[in-house]
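The values are calculated or read from the model by the stated rules, or taken from the named source; none is laboratory data. The shown structure was predicted, so the numbers you read here are calculated from the model rather than taken from an experiment. Please note: Cβ atoms are built from the backbone with ideal geometry, for glycine as well, and neighbour counts cover all protein chains shown. Surface areas here come from the heavy atoms of the whole protein model, side chains and all, with no ligands, DNA or RNA. Shrake-Rupley method; radii C 1.70, N 1.55, O 1.52, S 1.80 Å.
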Amino acid sequence: MTPEDIYATVEATWPAARLDRSGPWTIREGRGGGKRVSAATAAQSWTEADLPAAEAAMAALGQEPLFMIRAGEEALDAALAARSYRIVDPVTAYACPVGRLSAEPPAQMAAFPHWPPLGIVRDLWAESGIGPERVAVMERVMGPKCCLLGRQNDRPSGAAFVALAGPFAMLHALEVTPALRRLGSAQAMIRRGACWAEAAGAEWFSLVVTTANAPARALYASLGMEEVGHYHYRLK
């Protein structure tokens with residue numbers, strides 16, 4: 001996967017409530033679904049004189065001025081820095097051929113793909129700060145999708161969401177109950193998600209994670225996933 005594939009897959013598998021084109025900008029209406037569905041991006045050539053229009057469009061939606069900075073957008077990054085925008089949540093993308101993960105499926109009882117999400121999955125997400133607004137993002141996905149219920153020591157241990165965009169699958173909202181972490185539940189959900197994605201036609205499996213999350217990044221690397229791109233946000 002390329003960085004461009006990552007951006008497109010994020011867009012398709014974690015979609016904004018609405019996309020508007022405003023001059024050189026893509027403006028996203030997030031409705032509480034987080035930065036990925038609320039950040040503006042440069043859709044074409046822009047100038048600094050175009051920035052107030054993007055800010056006004058986001059303000060009209062009741063959203064803070066927020067931009068996603070992708071590879072090759074150093075000029076936009078510098079222009080926003082000069083306008084007192086600060087960097088928040090640098091992100092690293094990981095990907096690998098789906099067969100690298102599905103080749104070692106977890107125990108049958110370790111993770112269950114299903115849709116729509118069971119009540120216990122919604123509860124596990126809510127305990128981790130993934131509330132109805134983010135579940136609504138998942139519900140908007142038009143392509144193949146599933147959520148995963150993890151189990152560890154005969155107890156519900158975590159939840160995750162996987163969706164497809166063409167040959168690319170992406171994992172989102174992976175959460176493990178604090179008391180059951182470091183017991184293999186996250187790995188089991190990732191591998192079960194990859195098995196489901198492969199059966200649904202995916203050739204690649206991917207995810208994005210905040211760069212500061214060292215334990216998660218170590219897990220993804222240990223599974224054979226590789227860094228394939230980066231982006232960050234600028235918030236005023």
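A few comments on the model shown:
- Direction-averaged projected area, Cα convex hull, the range 171-218: 3.7 nm², rounded to one decimal.
- For the range 98-236, convex hull of alpha carbons as volume per residue, Å³: 126 Å³
- Over the range 43-155, the pair-distance histogram of Cα-Cα distances with 5 Å bins from zero comes to 2, 7, 12, 13, 14, 14, 12, 10, 9, 5, 2, 0 percent, rounded to whole numbers.
- Each principal axis of the Cα cloud of the range 156-236 was evaluated for its coordinate range; sorted largest first, these ranges are 40, 32, 23 Å.
- Measuring only protein heavy atoms, the 1.4 Å probe finds Arg217 accessible over about 60 Å².
- Think of it as helices only: each DSSP H run of n ≥ 4 in the chain is worth -39500 (n - 2.57), and spread over all residues that comes to -9500 deg cm²/dmol at 222 nm.
- Contour minus Cα-Cα distance for Glu64 and Gln44 (0.36 nm per residue): 5.0 nm
- Of Ala40, Ala107, Ala216, the one that fluctuates the most in a GNM where the chain has Cα springs shorter than 10 Å: Ala107
- Cβ-derived FRET efficiency at R0 25 Å, Ala212 paired with Ala107, nearest 0.05: 0.20
- In units of the compact-protein estimate 2.2 N^0.38 Å, the chain shows a Cα radius of gyration of 1.03.
- Largest GNM mean-square fluctuation among Ala163, Ala53, Ala111, using the chain with Cα springs under 10 Å: Ala53.
- In the chain, the longest principal axis of the Cα atoms and the axis of helix 3-13 are about 70 degrees apart.
- Between Ala199 and Ala221, the FRET efficiency estimated from the beta carbon spacing at R0 = 22 angstrom works out to 0.30.
- Segment Glu74-Ile120, extension gain: residue separation times 0.36 nm, minus the distance between their alpha carbons: 12.3 nm
- Dipole size of the chain about its Cα centre, with +1 on Lys/Arg Cβ and -1 on Asp/Glu Cβ: approximately 580 debye, rounded to the nearest 20.
- If you sort Arg21, Arg122, Arg234 by accessible surface, 1.4 Å probe, largest first, the order is Arg21, Arg122, Arg234.
- Axis angle, to the nearest 10 degrees, between helix 51-60 and the longest C-alpha principal axis of the chain: 60 degrees.
- Relative contact order (percent, whole number), the chain, Cα cutoff 8 Å, 6+ residue spacing: 30 percent
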